[in-house]
Amino acid sequence: MKDIRVQNLARVLVKYRVGVKPRELITVDGTAEAEPLILAVYEELIRAGAYPLVRMTPRGASEIFFANAKKHHLDEIAPYQKMLANELAGTIYVDSSPNTRALSAVDPKKQARVSRASKPVREIIIKKKWCITLFPTQAYAQDAEMSLADFEKFVYAATFADRKDPIKEWRALEARQEKLIRKLRGAKTVRIVGPDTDLTLSVRGRKFINSAGRYNMPSGEVFTGPVENSAEGHIRFDYPVCHAGREIDGIRLVFRKGRVVEATATKNQDFLLAMIDMDKGGRYLGELGIGTNYGIQKFIKNILFDEKIGGTIHLALGQSYAETGGKNQSALHWDMIKDLRRGGALYVDGKAFQKNGKFV
């Protein structure tokens with residue numbers, strides 16, 4: 001029997017997020033673990049009159065790549081990748097890892113090289129219609145310290161796929177977030193304070209974006225690109241960052257004139273330094289995001305959900321989003337979360353905007 005929640009999520013991705021039109025070429029990427037959702041998305045794309053291109057990665061492919069890759073595999077993109085990116089109208093990517101630690105032994109310099117090489121393709125895709133979502137697997141459930149059944153409930157609740165009319169729910173969230181953006185319009189300075197944290201940055205002339213399921217799924221945030229040379233102070237992030245098969249914990253950053261001048265971590269510090277030093281822009285901020293999805297309260301070691309937790313903010317090192325006015329360029333875009341729900345606050349132009357995770 002088909003899971004109505006899977007069908008609902010597929011409908012949201014195709015009709016609400018991507019807004020597919022007849023004859024558009026749309027890729028659907030994921031692993032074989034996500035076959036139920038990939039098939040449901042494929043069905044919705046066919047019904048919409050699109051040309052779906054399904055690409056399902058078999059288990060172990062990434063490990064094989066990094067174990068055997070030649071220099072050109074790491075430093076160049078295959079010619080077809082850029083050609084395909086130019087032809088696409090949009091892409092739907094389904095996170096569906098069967099093992100979130102599969103790449104933990106890979107040399108981080110290799111991963112950085114691949115990220116740099118693929119940057120031109122990502123830049124093409126991000127200007128088109130795109131969406132990233134997640135299909136619940138045993139690996140993600142284990143990271144979240146849940147049973148698979150409980151994790152499925154969590155995912156489908158966070159995406160509103162368990163509701164009668166999910167698209168209506170996302171539009172309602174979009175309207176609530178628009179009220180926050182109106183308050184932020186014209187803001188000049190943002191200050192983040194909390195335990196071992198006092199960081200000030202400028203958002204003068206930058207635009208806050210309403211993310212309500214039209215970028216990632218789930219969503220629930222407003223975000224912007226800070227002025228690149230403005231960050232001053234320090235911040236300690238409350239949760240581990242799970243990136244490229246590794247868990248980096250206890251991250252503390254010190255900023256001067258926008259640049260990270262000190263970066264430490266209690267776990268995997270060498271990996272942290274390798275990532276932020278992959279290029280010139282890796283030590284500058286590309287994003288400030290404010291989480292607004294109060295339906296997500298539990299940290300599950302997956303940034304797609306964790307950065308949306310209501311009462312948190314996140315900062316991303318690296319690539320900025322052009323639509324915010326951000327100018328930082330990097331092959332890196334790495335989100336890190338600060339929880340303001342326990343003794344934290346967010347000030348905008350000297351006035352409290354959020355205290356202890358609640359909007360003032």
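Derivation of every value follows stated rules applied to the coordinates shown; laboratory data play no part. Values in this document were obtained by computation on a predicted structure and should not be read as measured data. FYI the Cβ positions are ideal-geometry reconstructions off the backbone, even for glycines, and counts take in every protein chain you see.
If you plug the beta carbon distance of Lys267 and Lys21 into 1/(1 + (r/R0)^6) with R0 = 45 Å, you get a FRET efficiency near 0.45. Take the Cβ atoms of Thr189 and Lys358, set R0 to 22 Å, and the FRET efficiency comes out at 0.55.
So what's the net charge close to Ala48: Lys and Arg +1, Asp and Glu -1, counting the other residues with Cβ under 12 Å from its Cβ?
On the way: positive: Arg11, Lys15, Lys21, Arg23, Arg47; negative: Glu24, Glu43, Glu44.
Every neighbour counted, the sum reads +2.
Annotation for the stretch 99-163 versus the stretch 165-238: alpha-carbon center distance of 22 Å.
Fewest neighbouring Cβ atoms within 10 Å first, the residues His72, His234, His314 line up as His72, His234, His314. Using equal-weight Cα scatterers in the Debye expression, the normalised intensity of the stretch 185-326 in log10 at q = 0.13, 0.16 Å⁻¹ is -0.55, -0.86.
The Cβ shell under 9 Å around Thr133 holds other residues with a net charge of 0, Lys and Arg each +1, Asp and Glu each -1. Among the listed pairs Lys207/Lys327; Lys110/Lys207; Lys128/Lys358; Lys127/Lys179; Lys267/Lys298; Lys110/Lys280, a Cα-Cα separation exceeding 24 Å is found for Lys110/Lys207; Lys128/Lys358; Lys127/Lys179.
Here the stretch 119-136 is scanned for amide nitrogen atoms under 11 Å from the site 7 Å beyond the Cα of Glu174 along Cα-to-Cβ, giving none.
For the chain, what relative contact order do you get, as a whole percent, if you take Cα pairs closer than 8 Å and at least 6 residues apart? Write down the numbers at each step before the final one.
Details: 811 pairs, mean separation 50.4, N = 360.
RCO, the chain: 14 percent.
Summing +1 for each Lys or Arg and -1 for each Asp or Glu among the other residues whose beta-carbon sits under 13 angstrom from that of Ile124 gives +4.
The stretch 1-71 and the stretch 260-297 have Cα centres separated by 29 Å.
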